[in-house]
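Undergrad: One structure is given below, represented as structure tokens, and several questions about it will come after.
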Amino acid sequence: MSLITPEIKSLIDPVVSSLKRHQIEGDQEIALAIAQLLMKVISAARWTNTYDLISIIRQVGIIIHKAYPRKIIPGNIVRRVLALIRDEIETEHENTPMMSSMFSLLSTTKCEVREDHSKKQMSDMRAIIIQGIRDLVDEITNVSEGLETMCVDLIHDNEVLLTPTPTSDTVLNFLIKARTKRNFTVLVMENYPNEIKKAHQFAKTLAQHNIETVLIPDTTTYAVMSRVGKVIIGTNAVFANGGCLSNSGVANVVECAKEHKTPVFAVGGLYKLSPLYPFSRDDLIEVGNSGHVLNYDDFELVDNVEVVTNPLEDYIPPEHIDIFITNIGGFAPSFIYRIVLDNYKVEDNKLE
């Protein structure tokens, strides 16, 4: 039975429409949009117990997933909120006063106490959950501040760094913060064919902050890797097995880094950690406009090519990453599952 009322549907529809049209850009913006939507849904929803609320949030999560099935972050936020609600239920149960055997004889008193407690629970629970989501919004908004505290310890003076993810604001802020204490050089890859403009803007922004920056073609990765001290990549999603999704082309870079024994640091906020496992990797990776790879104007060449694909992301296996840098600290890929268990509930891994 659907618990989605017309009032809740009117809140969901604009966000779903924006996701389908890719009008919300950036992982942080998507995460904030979903968190704020869930806050509105919880305020508007009519529920008599918290298990009804869990069912409502799960149904909202399914609708959002169907709108943008290849994006992991909306599902992460839904599951974080579900975990928050389940934690409150557990706390409530722990705080329920136990009736002694003598007083339990007075059945009327026991019923009255339970009824009053239930009313108080319902009135307080909504406010507690909304405050929990506000704390989640603050965590997502201030994710860079948590990451920046680690950058000085991880980056050394006169080091050469390479980043193949010029679309990542998290990596950008990480490097800018590190520059306040360290001098280093950054090699920025062009990320052909989808992110060339963003790569140029990324390099320009670093240069404006007095960071020595060199923009390099993707084809020179292997040639320069022997000079690189660390590879720093941004993440689009981090899975429970310690693997992650990142920009297309990153898989080649980390393969080169492994060959040269160059450490790879993956940077990402806690909200990007997912309780899911990448069983069907092809289903996770979004494909973009193939015209960026092979221009349709070059019809003679197009006629002689059977398939042209333009994957927008790469899956990076955990063995190619040395450390994940999050806003709550740095972790080995093998430890990610433990962080996931602390922030999600196993029963919410499958929303349907």
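Undergrad: Are there strands (runs of 3 or more DSSP E) fully within segment 281-352 with at least 3 residues that are touching a residue at least 60 places away in the same chain (Cβ under 8 Å)? List them.
TA: 313-316, 323-326
Undergrad: Still on this structure, I have one more. Considering only segment 228-239, I want to know if a residue exists there that is in contact with a Cys (Cβ under 9 Å, 6 or more places away or on another chain) and of a type in the set (Ser, Thr, Tyr).
TA: Within segment 228-239, one or more residues are in contact with a Cys (Cβ under 9 Å, 6 or more places away or on another chain) and of a type in the set (Ser, Thr, Tyr).
Undergrad: Looking at residue 192 and the list (1) modelled with pLDDT of 95 or more; (2) aromatic (Phe, Trp, Tyr); (3) over 23 Å from the mean Cα position of the chain (by Cα), which single condition is not satisfied?
TA: Looking at each condition in turn, residue 192 falls short on (1).
Undergrad: Taking residue 41 as the residue in question, decide whether it is farther than 23 Å from residue 139 by Cβ, surrounded by 13 or more Cβ atoms within 10 Å (Cβ to Cβ) and not small (Gly, Ala, Ser). Please lay out each step first, then the result.
TA: On the way: farther than 23 Å from residue 139 by Cβ: no; surrounded by 13 or more Cβ atoms within 10 Å (Cβ to Cβ): yes; not small (Gly, Ala, Ser): yes.
So residue 41 does not fit the description; no.
Undergrad: Could I ask something else about it? Restricting to segment 199-215, name every residue that is in contact (Cβ under 8 Å) with a residue 12 or more places away in the chain, closer than 13 Å to residue 179 by Cα and assigned to a helix (DSSP H, G or I).
TA: Across segment 199-215, the qualifying residues are 205, 206.
Undergrad: Still on this structure, I have one more. Of (1) within 25 Å of residue 255 (Cβ to Cβ); (2) crowded, with 20+ Cβ neighbours inside 10 Å, residue 177 satisfies all except one. Which?
TA: (1)
Undergrad: Considering (1) over 25 Å from residue 46 (Cβ atoms); (2) at pLDDT below 90; (3) in a helix (DSSP H, G or I), say which one residue 100 fails and leave the rest.
TA: That leaves (3) as the condition not met.
Undergrad: Examine segment 76-88 for a residue that is among the acidic types (Asp, Glu), assigned to a loop (DSSP other than H, G, I, E, B) and either surrounded by 18 or more Cβ atoms within 10 Å (Cβ to Cβ) or at pLDDT 90 or above (or both), and state whether such a residue exists.
TA: The answer is no; no qualifying residue exists.
Undergrad: Inspect all residues belonging to segment 230-245 and state whether any of them is touching a Leu at 6+ places or on another chain (Cβ under 6 Å), surrounded by fewer than 21 Cβ atoms within 10 Å (Cβ to Cβ) and closer than 30 Å to residue 341 by Cβ.
TA: yes
Yes or no, residue by residue, for (1) at pLDDT 80 or above; (2) closer than 29 Å to residue 323 by Cα; (3) part of a helix (DSSP H, G or I); (4) in contact with a Lys or Arg (Cβ under 9 Å, 6 or more places away or on another chain):
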position	(1), (2), (3), (4)
115	no, no, yes, no
123	no, no, yes, no
127	yes, no, yes, no
139	yes, yes, yes, no
146	no, yes, yes, no
150	yes, yes, yes, no
157	yes, yes, no, yes
161	yes, yes, no, yes
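Undergrad: List the number of the failed condition for residue 242; all other conditions in (1) farther than 24 Å from residue 137 by Cα; (2) of a type outside the set (Lys, Arg); (3) assigned to a helix (DSSP H, G or I) hold.
TA: Checking residue 242 against (1) farther than 24 Å from residue 137 by Cα; (2) of a type outside the set (Lys, Arg); (3) assigned to a helix (DSSP H, G or I), the one that fails is (3).
Undergrad: Just a yes or no: is a residue in segment 150-164 surrounded by fewer than 17 Cβ atoms within 10 Å (Cβ to Cβ) and under 20 Å from the mean Cα position of the chain (by Cα)?
TA: no
The values are calculated or read from the model by the stated rules, or taken from the named source; none is laboratory data. Every value quoted in this text rests on a predicted model; they were computed, and no experiment measured them. Ideal geometry is used to build each Cβ from the backbone, glycine not excepted, and the neighbour counts take in all protein chains shown.
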